[in-house]
1. Under 8 Å for C-alpha pairs, at least 6 residues apart: give me the relative contact order for the range 3-71, rounded to a whole percent.
2. Starting from the Cα of residue 61, step 7 Å toward the Cβ, then list every residue of the range 67-104 with an amide N under 14 Å from that point.
3. Once you have the Cα-Cα distance between residue 18 and residue 39, take 0.36 nm times their residue separation minus that, and quote the gain in nm to one decimal.
4. Is the shape of the range 79-132 rounded, prolate or oblate, going by the alpha carbon gyration tensor and its root eigenvalues a ≥ b ≥ c, with a/c under 1.5 for rounded and a/b larger than b/c for prolate?
5. Hey, with R₀ at 22 Å, roughly what FRET efficiency would residue 54 and residue 25 work out to, going by the Cβ-Cβ distance, to 0.05?
6. Exposure proxy check: 25, 63 ranked by fewest other beta carbons within 10 Å?
7. Extending each Cα 7 Å along its Cβ direction at residue 68 and residue 9, get the distance between those two points in nm, one decimal.
């Protein structure tokens, strides 16, 4: 995705956000209304994309990593099977570790993802293993 997909304003960012599947239309509409009410309540005039993104991250509906990827114009790759990727913890040998949230039980786990280029699964997707996540110990 080149610069053509990078959102330039709140509207374009919202379109990418909906395409990503991270938020649905009603939640995004509610957050947008809350954002404008927040701006009006504080008598601020800054409704820029940067301020909107900061508001979404502070609201807890998106992580800073997700916001950064969307800001780059990337709206795919936030889900892997039943997991929503929350943050990239970085590469380690031949895997990249992600903090993820299980969609059914809400459990936070670390996924060690092997890229398709190294070892594609039977369906052509990236392979991964689940690592137990202990927030007190880090990984």
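1. Reported relative contact order: 40 percent.
2. 67
3. 5.3 nm
4. Cα axes put the range 79-132 in the oblate bin.
5. That pair, residue 54 with residue 25, gives E of 0.50.
6. Numbers: 25 9, 63 20.
Listing 25, 63 from fewest to most nearby Cβ atoms yields 25, 63.
7. About 2.8 nm, to one decimal.
The numbers here are math on the coordinates, done by the rules we state, and not lab data. On a predicted model such as this, the values are computed, not experimentally measured, just so you know. Every residue, glycine among them, receives a Cβ derived from its backbone with ideal geometry; neighbour counts consider all protein chains shown.
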